[in-house]
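The values are calculated or read from the model by the stated rules, or taken from the named source; none is laboratory data. Since the structure is predicted, the reported quantities are computational estimates derived from the model, not experimental observations. Cβ placement follows ideal geometry from the backbone for every residue including glycine, while neighbour counts extend to all protein chains displayed.
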Amino acid sequence: MNKILFLLFLSVFLPLASQSQPPGYLGKRATLLFNFSSFPAFEGPTQNNRGISFSTERFGESEQGLAFNYEFNLDFSYVVSRMRSLSLGVGQYYTGVVTDTRTRSRPTLLEPNPSSAEDFHSLFNRLNVRSITLMYHKFKGEKGALAPIGNQFSYGLKYLSINSEIVDKRTSYRLSGGSFFGHEPLNLPNKTSFLLFKMAFQNTQIIKDHFVIKMGIQVGVPLHYRYWEAVSNGKEVLYDTGDKENQYYDFRVPVLRRIFFHELLRFDFGVGFLLF
Amino acid sequence: MKNIFFKLLLLIFISSATACYDYESQFEGPYSEEVGIPAPDFPRELVYVASGNVYFTNALVEDSIVIDDSGMVEIASINAAHTKILFKKADENIQIYDVEDERITGEIANSEEAIWFDYHANDETIFYLIDNDLHTQGPAVLDEQPKDLRDFFALNVEIKAAVITKDGDIVFTSTVFGIFNTDYLIRTDGSDDSNENKYQYEIPTAFVDLRINSSDNQVVGRSNSGLSNMIVFSPRSTGFDRITSALFGAPAEDFDERYEVLNDRISIRTPRIGTVQTNTGIITSIDF
């Protein structure tokens, strides 16, 4: 009886576990890919204050117009089965964001005891964004794909680490003579991070020997509900936890919005090499 | 189809390169919390002479320190970086006071007869006026020194006060003696003695205590005729910008901002005006 059951077990599961052909392309499972992705910049400036803006406030008198968001990535992908692969990538790009904040006015000869007066600061920030991306790729076997070659649908998570640098500032002083006395420190954070959900439709082709090219379109959406609420309803909904928090949101909310429009949609193009 | 797609990608790639150019500042430029923030407690940055004593104080005219309490000082000046102060007693040389060291670090030899002096916008060169000659000490800012300012006139003149702009122009006031004495305010590049590079304006009375800001857009002076008016002058305009009720003052970097003095009170005009009483006696000299 046990022997019959054992043979039955083998006859059912062995075909599932074994494969008639090893995964990968000609036995190669690992690919190193240099990827470039881009899309016209809208609803937020590039690092040099260009781009198309429909609703956000412009910073200064810079000429706007067509400009492109971009990102460079280096991806390492590994085939885990005939129709599946995993990839780990690192990326980097620069972009810009306009933020504003307020500080309490300093006393002046005219107003030695300013009570609620505030100075207003408009800032143009240059964001240095570094990312780590983990993606799962599902190849479409019915269309002749075989990992790592062919059409694929991918999804995964992308972690963004953002450093900000204020490259231009315009301060409006509330009190006469305020510029004479300067303003309080802005106390804005210059670092933040976000987590994104990524999806992509891509196609990988062999072009010569071990070289491959990859083209496609990718979509990314930040996973931060509380800040989305602030982006959609105005950051004032978060203004209930004191000055320090307010200044934090003065930075994080507009940066999230900028990152959203930067990551929302991209065309990507990559050149890679089959390693082993 | 593939060719078109590749060309499109190439176009996007090249266009994206435009995003790599750095941003060009339009307003105040880069900002960092580590630098450029004035300390919350205002630095001492105003020097004035009252009852012959020299006071160094902050922009709100509080937290003063006394640099000289001899009761003999006539004039005091401070450089734009607020690191050095000059002051002079009657018949003595001009003293150089170091703000950081909080002590007198030197003096200008043979300057007992100086009637006016100040720092150039470079924060290092000191200029002073003796017997119609403009002298300098420190990095050269004039083609020749001393510069005899009477060379700009054919008639007998007396130079009342003079300052050197950051570009090396000389702005000075003078009384020209003739059948009728005439007073002028003059700006010249000082390169030659011809009238080609000279802007000359007739003024009601030659004023003294000339101060120019390092932005080179505001000159103020004190009337010496008993009219008790401080005159504000834009160096390249064709006349006075304002005459105020103050006696004299010191210009700030912004065109519309300056300190003004009336007796023992100091006001900041921005163009609104706020005033503090110093309680240190009648003020006879001020610089910012």
Considering each of A:Pro107, A:Pro112 in turn, give the residue that is free of Cβ contacts under 8 Å to residues at least 40 places away in the same chain and not in a strand (DSSP E or B).
A:Pro112
Out of B:Glu112, B:Glu102, B:Glu62, which single residue is modelled with pLDDT under 90 and of a type in the set (D, E, K, R)?
B:Glu62
Identify all residues within the stretch B:247-288 that are without any contact (Cβ under 8 Å) to a residue 40 or more places away in the chain, more than 8 Å from chain A (Cβ to nearest Cβ) and not small (Gly, Ala, Ser); write none if there are none.
B:Leu247, B:Phe248, B:Asp256, B:Glu260, B:Leu262, B:Asn263, B:Arg265, B:Arg269, B:Gln277, B:Asn279
Just name the residue that is farthest from the other protein chains (Cβ to nearest Cβ) out of those in the stretch A:161-175 that are under 17 Å from the mean Cα position of the chain (by Cα) and crowded, with 20+ Cβ neighbours inside 10 Å.
A:Ile162
Out of the residues in the stretch A:70-125 meeting the condition of being acidic (Asp, Glu) and under 25 Å from B:Thr57 (Cβ atoms), tell me which one is nearest to the other protein chains (Cβ to nearest Cβ).
A:Glu111
Of all residues in the stretch A:115-160 being touching a residue at least 60 places away in the same chain (Cβ under 8 Å) and touching a helix residue (DSSP H, G or I) at 6+ places or on another chain (Cβ under 8 Å), which is surrounded by the most Cβ atoms within 10 Å (Cβ to Cβ)?
A:Asn125
Candidates A:Ser105, A:Ser53, filtered to the one that is at pLDDT below 75, closer than 30 Å to A:Ser179 by Cβ and out of contact with any Cys (no Cβ under 8 Å at 6 or more places or on another chain):
A:Ser53
In the stretch A:135-165, what residues are in a strand (DSSP E or B) and either closer than 30 Å to A:Asn48 by Cα or among the small types (Gly, Ala, Ser) (or both)?
A:Gly150, A:Ser154, A:Gly156, A:Leu157, A:Lys158, A:Tyr159, A:Leu160, A:Ser161, A:Ile162, A:Asn163, A:Ser164, A:Glu165
Given the conditions (1) farther than 17 Å from B:Tyr55 by Cα; (2) surrounded by fewer than 17 Cβ atoms within 10 Å (Cβ to Cβ), which single one is not true for B:Thr83?
(1)
Identity of the residue in the stretch B:55-65, part of a strand (DSSP E or B) and without any contact (Cβ under 8 Å) to a residue 40 or more places away in the chain, that ends up nearest to B:Asn263 (Cα to Cα):
B:Thr57
For the stretch A:176-195, name all the residues that are buried (at least 17 other Cβ atoms within 10 Å of the Cβ) and touching a helix residue (DSSP H, G or I) at 6+ places or on another chain (Cβ under 8 Å).
A:Leu186, A:Leu188, A:Thr192, A:Phe194
For the stretch B:21-43, state whether one or more residues are modelled with pLDDT of 75 or more and away from every other protein chain (no Cβ under 14 Å).
no
Against the condition at pLDDT 75 or above, at negative phi and within 14 Å of chain A (Cβ to nearest Cβ), how does B:Tyr201 come out, does it pass?
no
Within the stretch B:87-116, take every residue that is assigned to a loop (DSSP other than H, G, I, E, B) and of a type in the set (Val, Ile, Thr) and give me the one that is farthest from the chain's Cα centre (by Cα).
B:Val99
Restricting to the stretch B:166-182, count the residues that are closer than 22 Å to B:Glu202 by Cβ and assigned to a loop (DSSP other than H, G, I, E, B).
6
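So that you can scan it fast, the table gives a plain yes or no per residue for (1) modelled with pLDDT of 90 or more; (2) within 14 Å of chain B (Cβ to nearest Cβ); (3) farther than 20 Å from A:Arg266 by Cβ; (4) over 14 Å from the mean Cα position of the chain (by Cα):
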| position | (1), (2), (3), (4) |
| --- | --- |
| A:Ile132 | yes, no, no, no |
| A:Lys138 | yes, no, no, yes |
| A:Gly144 | no, no, yes, yes |
| A:Phe153 | yes, no, no, yes |
| A:Phe197 | yes, no, no, no |
| A:Glu236 | no, no, yes, yes |
Hey, A:Leu66 hits all of (1) within 11 Å of chain B (Cβ to nearest Cβ); (2) under 22 Å from the mean Cα position of the chain (by Cα); (3) surrounded by 20 or more Cβ atoms within 10 Å (Cβ to Cβ) but one; which does it fall short on?
(3)
